[in-house]
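Structure first, commentary second.
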Amino acid sequence: MSHFLRRQGWVVGLFALLIVLFIATTIIQPAYGSNDFGSLARAVLPYAFAVAAQTVVVIAGGIDLSVAAMMALTSVTAASMMNGASEEYALFVMPFVLAMGFALGALNGLLIVVTRVPDIVVTLAMLFVLQGAALLVLDAPGGGIAEWLKALISGTVPIPGLPDAVDAWLPKALLVLIVCLCVIWIPLRRSRLGLSIYAIGSSELAAFRSGVPVKRTRIIAYALSGLFAAFGGLALTMSTGIGAPIPGPYLLASVAAVVLGGVALGGGKGGLLGPIVAVFVLRLVRTDLTLLAIDPNVTAIIEGLIMVAVVMFGAFITMRGRQ
Amino acid sequence: MSTSAISPQSVPFGRRLKRLMADRPLIPLVILLVILVVILQILRPGIVNERWIANTIKFAIPLAILAGCQTMTMLTGGIDLSVGTVATISAFIMATQIVNQDPAVAFLLAMMPAVLIGLVNGIGVGVFRVHPLIMTLGTSLIGTGCLQVYQRTVIASGAKIPDFLAWLGTGVTWGFPNALLLFVPLAALIVFTLARTGFGRLLYAVGDNERATRLSGVQYWQVITALYITSSVLAGITGLLYIGLIKAPSLSLAEPLVLPSVAAAVIGGTSIFGGRGGYTGTIIGALILTVLTTLLTILQMPEGARRILFGLIVLFVTAAYLRIVEER
């Protein structure tokens, strides 16, 4: 148990924080119910995928500044392809967009490996490229989406045998998030590839000397990041019903949640669970501040302060631990 | 790039040329700049005249100063993404406070947030050892929030651009933009500081090998705090200059300059991992990016295509430049 706590201490702490926040929310707004939780889950969905995209790359010792732009591009592509098309056509669009994200992510990795330009610069350049591509696909917010995709994340999951009261607390969006992340992350974590990703993040030289194909692993890490970002883009289109070519605030949010989630920015440490919980924490803080009727601008300041304070605290703890 | 085409015919000469370029990394950059200007002249004959040059320099200067902030922070292995917000805040406060304050007081008020943000950045990076990328992103988020709250309080009093800043930002005297009066001493100071002073050497040392530097008795946090305050103050000054150039205070005035400023420093040959680079390259990098933007505007491409090309060119130039420098 103590071993588990030591290894997962950060995530357990985050969970505790999340529960405290939930309690605080119900105190602030006694009427906070399953509906509000559903909308929280829907709001979290694109953020969570953005964070997953960032997490994979950060664990592999890199950083991806193009996450938000990738989401914008995949979102507008999906929205413009599905606009006015039949419901069945969406069955083809979904895998196509996901494959596009995967391929563009792989391109990110390939460029880093081949040109040997630092990852920050490559993904910065790709940020411009993807943003431009998104503007070429749709120059103003628009497009459409199949109804069944919209329905996929709204409402709750009816599980037979459970009372409605419990059912109501299981929004579909949460289920979609958990399924999508688990299907990719759990097999990856247990595979040789997952180990390689952690290895190159921890020490590239040591990984290389132990026979890990460093270049290939790096490319795959970025490809996975692209795939998660494509999920995020789809989630964005699913929740708004349209595609917007201007990237949202997902880059900053993803980096913040990754750090808050206990993933070291040097790489090699942490998991996916922490950052995802961190996203919920950050969103819930925002909900609470809105419920308290605080000026949205002040909310932005408080969010920033929390982020900086958490990061400083985390860095301080790591420093103490090292001494 | 253009040189590799010559090398097959005369190998010794080509190799000598390559070595020359590796030793003097500024040469390929200047060549690239000239090539861009020539392309521009071919596409629009007669565009390259005195007025155009003055205009280009005018728009390159704010970018070059911000890229100077990036150069200095990147030398220590850091990055300062809060420069855009700092510049915007200074510009906005200057424009709103000048309405009913003495210019000197308004200037001091405008520079205060810059110093404060720089101090917080420095303490976060230097003392708490937060990653500079996160730290500066965080402070810029807070800064933007504060600016929005501040904007509410001054909405009634309005804003105006001080004549002096407008003169400095847009004025041209004998074909030279007035902004050079500010930029030339500033650039000289940065180059001098980096190359000839102890502080400059400390920046290189910290970026090259932090552990060794600390073991040699350098107070890491003092160097870093001083660095980020300097960077922020420079960004604040840029904001004042930029508002004189753009003449419309807004809440995202200098924000679009942030990523290009990183690109300019990288194109100019400063290593993002620290310890290598200089300011002269960065200035040429800023000029290259400004000319490039003009070029892409003149081609009348849709906005999307322009951004794609911009990204690709930044990537290509950086990659090619790394190749040349690594030849040595």
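The values are calculated or read from the model by the stated rules, or taken from the named source; none is laboratory data. These numbers were taken from a predicted model, which means no experiment stands behind them. Backbone-built Cβ (ideal geometry, glycine too); neighbour counts: all protein chains shown. Quick note on the areas: whole protein, heavy atoms, side chains included, nothing else; ligands and nucleic acids left out. Shrake-Rupley method; radii C 1.70, N 1.55, O 1.52, S 1.80 Å.
The figures follow:
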{"read-out": "Helices (runs of 4 or more DSSP H) fully within the stretch B:122-225 counting 3 or more residues that are open to solvent by 30 Å² or more (accessible area, probe 1.4 Å) and within 14 Å of chain A (Cβ to nearest Cβ)", "value": "B:132-154, B:210-215"}
{"read-out": "Selection count where residues are under 13 Å from A:G261 (Cβ atoms) and either open to solvent by 20 Å² or more (accessible area, probe 1.4 Å) or at pLDDT below 85 (or both), scope the stretch A:19-54", "value": "1"}
{"read-out": "Test: A:L152 is in contact (Cβ under 8 Å) with a residue 24 or more places away in the chain and either open to solvent by 60 Å² or more (accessible area, probe 1.4 Å) or hydroxyl-bearing (S, T, Y) (or both)", "value": "yes"}
{"read-out": "From B:V291, B:V317, residue being within 14 Å of another protein chain (Cβ to nearest Cβ) and aliphatic (A, V, I, L, M)", "value": "B:V317"}
{"read-out": "Selected residue [modelled with pLDDT of 85 or more and farther than 24 Å from B:L180 by Cα] from B:L75, B:L141", "value": "B:L75"}
{"read-out": "Breaking point among (1) of a type in the set (D, E, K, R); (2) under 25 Å from A:G266 (Cβ atoms); (3) surrounded by fewer than 24 Cβ atoms within 10 Å (Cβ to Cβ), for A:D64", "value": "(3)"}
{"read-out": "Residue match in the stretch A:218-235 (condition: of a type outside the set (D, E, K, R), more than 16 Å from A:L21 (Cβ to Cβ) and at pLDDT below 85)", "value": "no"}
{"read-out": "Residues (touching a helix residue (DSSP H, G or I) at 6+ places or on another chain (Cβ under 9 Å) and within 14 Å of another protein chain (Cβ to nearest Cβ)) located in the stretch A:132-141", "value": "A:G132, A:A133, A:A134, A:L135, A:L136, A:V137, A:L138, A:D139"}
{"read-out": "Residue within the stretch A:229-236 that is at the interface with chain B (Cβ under 9 Å from one of its Cβ atoms) and crowded, with 20+ Cβ neighbours inside 10 Å present", "value": "no"}
{"read-out": "Sole exception among (1) under 19 Å from B:A320 (Cβ atoms); (2) hydrophobic (A, V, I, L, M, F, W, C); (3) open to solvent by 20 Å² or more (accessible area, probe 1.4 Å); (4) part of a helix (DSSP H, G or I) for B:L259, by number", "value": "(1)"}
{"read-out": "From B:V11, B:V48, B:V34, residue being at pLDDT below 80 and under 26 Å from B:P177 (Cα atoms)", "value": "B:V48"}
{"read-out": "Of all residues in the stretch A:283-323 being within 18 Å of A:A50 (Cβ to Cβ) and touching a residue at least 60 places away in the same chain (Cβ under 8 Å), the one that is surrounded by the most Cβ atoms within 10 Å (Cβ to Cβ)", "value": "A:L284"}
{"read-out": "Residues satisfying the stated conditions in the stretch A:62-78, i.e. among the aliphatic types (A, V, I, L, M) and either under 14 Å from A:L136 (Cβ atoms) or out of contact with any strand residue (DSSP E or B) (no Cβ under 9 Å at 6 or more places or on another chain) (or both)", "value": "A:I63, A:L65, A:V67, A:A68, A:A69, A:M70, A:M71, A:A72, A:L73, A:V76"}
{"read-out": "Answer residue from the stretch A:258-274, given it is within 11 Å of chain B (Cβ to nearest Cβ) and under 25 Å from A:I302 (Cβ atoms) and is modelled with the highest pLDDT among those", "value": "A:V258"}
{"read-out": "Extreme residue, nearest to the other protein chains (Cβ to nearest Cβ), among residues of the stretch B:73-95 that are more than 20 Å from B:I142 (Cα to Cα) and open to solvent by less than 10 Å² (accessible area, probe 1.4 Å)", "value": "B:M74"}
{"read-out": "Answer from B:G239, B:G304, B:G274 - the residue that is within 13 Å of chain A (Cβ to nearest Cβ), of a type in the set (G, A, S) and assigned to a helix (DSSP H, G or I)", "value": "B:G304"}
{"read-out": "Total residues in the stretch A:286-314, condition at the interface with chain B (Cβ under 7 Å from one of its Cβ atoms) and of a type in the set (A, V, I, L, M, F, W, C)", "value": "8"}
{"read-out": "Index of the failed condition, B:T293 passing every other in (1) more than 27 Å from A:P118 (Cβ to Cβ); (2) under 18 Å from the mean Cα position of the chain (by Cα); (3) surrounded by fewer than 22 Cβ atoms within 10 Å (Cβ to Cβ)", "value": "(1)"}
{"read-out": "Matching option when the condition is modelled with pLDDT under 80 and not aromatic (F, W, Y), among B:A212, B:A195, B:A179, B:A187", "value": "B:A179"}
{"read-out": "Filter pass, A:P249 being within 14 Å of chain B (Cβ to nearest Cβ) and open to solvent by 30 Å² or more (accessible area, probe 1.4 Å)", "value": "yes"}
{"read-out": "From B:G311, B:G269, residue being open to solvent by less than 20 Å² (accessible area, probe 1.4 Å) and not in a loop (DSSP other than H, G, I, E, B)", "value": "B:G311"}
{"read-out": "Residues that are β-branched (V, I, T) and either closer than 16 Å to B:A60 by Cα or in contact (Cβ under 8 Å) with a residue 24 or more places away in the chain (or both), drawn from the stretch B:174-196", "value": "B:V184, B:I190, B:V191"}
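The rows are residues; the columns are (1) farther than 25 Å from A:R42 by Cβ; (2) out of contact with any Lys or Arg (no Cβ under 7 Å at 6 or more places or on another chain); (3) away from every other protein chain (no Cβ under 14 Å); (4) loosely packed, with under 14 Cβ neighbours inside 10 Å.
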| position | (1), (2), (3), (4) |
| --- | --- |
| A:S86 | yes, yes, yes, yes |
| A:L98 | no, yes, yes, no |
| A:V113 | yes, no, no, no |
| A:V121 | yes, yes, no, no |
| A:G143 | no, yes, yes, no |
| A:E147 | no, yes, yes, yes |
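Condition check ((1) hydrophobic (A, V, I, L, M, F, W, C); (2) touching a residue at least 12 places away in the same chain (Cβ under 8 Å)) across all residues:
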{"site": "B:G277", "(1), (2)": "no, yes"}
{"site": "B:T280", "(1), (2)": "no, yes"}
{"site": "B:E303", "(1), (2)": "no, no"}
{"site": "B:L322", "(1), (2)": "yes, no"}
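Conditions (1) among the polar types (S, T, N, Q); (2) closer than 24 Å to A:T74 by Cβ; (3) modelled with pLDDT under 85, marked per residue:
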| site | (1), (2), (3) |
| --- | --- |
| A:T123 | yes, yes, no |
| A:D164 | no, no, yes |
| A:A168 | no, no, yes |
| A:S202 | yes, no, no |
